[in-house]
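The values are calculated or read from the model by the stated rules, or taken from the named source; none is laboratory data. All of these numbers come straight from a predicted model, not from anything done at the bench. Every residue, glycine among them, receives a Cβ derived from its backbone with ideal geometry; neighbour counts consider all protein chains shown. Note: areas computed on protein heavy atoms with side chains; ligands, DNA, RNA excluded. Shrake-Rupley method; radii C 1.70, N 1.55, O 1.52, S 1.80 Å.
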Amino acid sequence: MTTELFAEAPPRISEWRRFARVFFGRKLVLIGFVIILALVLTAIFAPLLAPHDPNSPDLELRLAAPSGGYWLGTDTIGRDTLSRVIFGTRTSLIIGLAAIGIASFIGLSLGLVAGYYGGWIYTCIMRFVDAIMAFPMILLALVIAALLGGGLFNVIIALGIGMMPSYARLMSAQVMSIKQADYVMAERSMGASNTRIMLKHVAPNCLPPLIVLVTMMLGATILAEAGLSFLGVGIEPPIAAWGAMVSEGRQYLLTHPILSFAPGLAIMLVVFAFNMVGDGLRDALDPRLRGIL
C-alpha cells in the first residue's frame, strides 16, 4: 500500500480575489465605497434626481421651510436647496477629477524624470517642488485662484498646481528605489533606451502607492474647492457649489441652519468616503499587509 509523500498544494488564490477580500473586508471601506458610488451616480443623473431647476429663483418662496415640495427648503433667492446640493455633487466631482488629473500628470512626469536621471536634474526639479511645498496647499491655491479669478477652469488650475508637489515627491522616491531592481538592470544591459525603461518597467511598478495617493487626495481636493468657494474665489454663481452654499447660509444659521448643514454634510461624507477607500486600497495593494489583514 502506497502512502502519500506530499500533501496536495492548496488552491491558488487569484490576485483579484485577494484584493477584493482585503479591500471589502473592512466595513468602513465598504461604506466609503458605497458613498462614492452614490456620488458618481448622483453626478451622472443629477438632472433626473433634482426635483427643481437648481438655478431658477422664486422670490415668493425665499427662505421657505422644508416641505413636501422642497425637502430642504429654499435659499435666499428661492432656489431649491436639495436640487443645488445634487448638482453640487457634479461640480465637486468634475473639479476633483480634473484637478487631480493635472496634478498627477505634471507631478508624476517631474518625479519620474528626477528620480530616474538623478544628479543635477534631480536637484533642479526637486528644489522647484520644494519651493512650491513651502506654501500650504490651500494658501497656494487661494493665491493662484485670486490671481486668475474665479470660475471652474481657474479653480481646477489652482488646485492642480497646489496638489502637484505631493505626486512629484512620491514618484521620485518610488523611481529611485525601483530603478535599482534586477529586471531594470537587465533591460538596460540589453540596450533598451531610457524612455522604454521608464515607461515600460519603472512607471508601471510605481502605480500602487500612487493610486492610493490619488484616491485620498480626491477628498482633499473637493474639500479645498469648497474652501475656495466659501471664501469667494472659487466657483462663480449661479453654478451650484457646496462651499459657496455653506458661505451663503452661514448668516442664517440660527433661523435656517439647513442651508449650511446640508452642503456641509455632503462635504463631510465625501471626504470621509475617499479617505476610507484610500485606506482600503493601501491595505489591499501593499503586499506587506496582505497576510495580516
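Of note:
- Residue within segment 265-279 that is in contact with a Pro (Cβ under 9 Å, 6 or more places away or on another chain) and surrounded by 15 or more Cβ atoms within 10 Å (Cβ to Cβ) present: no
- Near pairs, Cβ below 9 angstrom, 6+ apart or cross-chain, from segment 230-256 (outside any loop (DSSP other than H, G, I, E, B) and open to solvent by less than 30 Å² (accessible area, probe 1.4 Å)) to any residue that is modelled with pLDDT under 90 and of a type in the set (Ser, Thr, Tyr): Trp242/Ser229; Gly243/Ser229; Ala244/Ser229; Met245/Ser229; Ser247/Ser229; Gly249/Thr76
- Single condition Gly115 does not satisfy, out of (1) surrounded by fewer than 22 Cβ atoms within 10 Å (Cβ to Cβ); (2) in contact with a helix residue (DSSP H, G or I) (Cβ under 9 Å, 6 or more places away or on another chain): (1)
- Filter result (in a helix (DSSP H, G or I), under 12 Å from Thr89 (Cα atoms) and more than 18 Å from the chain's Cα centre (by Cα)) within segment 26-51: Ala46, Pro47, Leu49
- Among the candidates Phe87, Phe105, residue that is of a type in the set (Phe, Trp, Tyr), under 24 Å from the mean Cα position of the chain (by Cα) and more than 30 Å from Asp130 (Cα to Cα): Phe87
- Residue in segment 213-225 that is among the polar types (S, T, N, Q), open to solvent by less than 20 Å² (accessible area, probe 1.4 Å), over 26 Å from Tyr167 (Cα atoms) and assigned to a helix (DSSP H, G or I) present: no
- Against the test of being modelled with pLDDT of 90 or more, of a type in the set (Val, Ile, Thr), surrounded by fewer than 16 Cβ atoms within 10 Å (Cβ to Cβ) and farther than 30 Å from Asn194 by Cα, the options Ile156, Ile94, Ile86 yield a single qualifying residue, Ile94.
- Residue within segment 64-81 that is surrounded by 15 or more Cβ atoms within 10 Å (Cβ to Cβ), in a helix (DSSP H, G or I) and among the hydrophobic types (A, V, I, L, M, F, W, C) present: no
- If you filter segment 117-135 down to residues that are at negative phi and small (Gly, Ala, Ser), you find that the one that is modelled with the highest pLDDT is Ala131.
- Flag for Met198 being touching a Lys or Arg at 6+ places or on another chain (Cβ under 9 Å), closer than 29 Å to Phe230 by Cα and surrounded by 14 or more Cβ atoms within 10 Å (Cβ to Cβ): no
- Residue count for segment 23-62 under the criterion of being out of contact with any Gly (no Cβ under 6 Å at 6 or more places or on another chain) and either loosely packed, with under 14 Cβ neighbours inside 10 Å or closer than 19 Å to Phe87 by Cα (or both): the result is 27.
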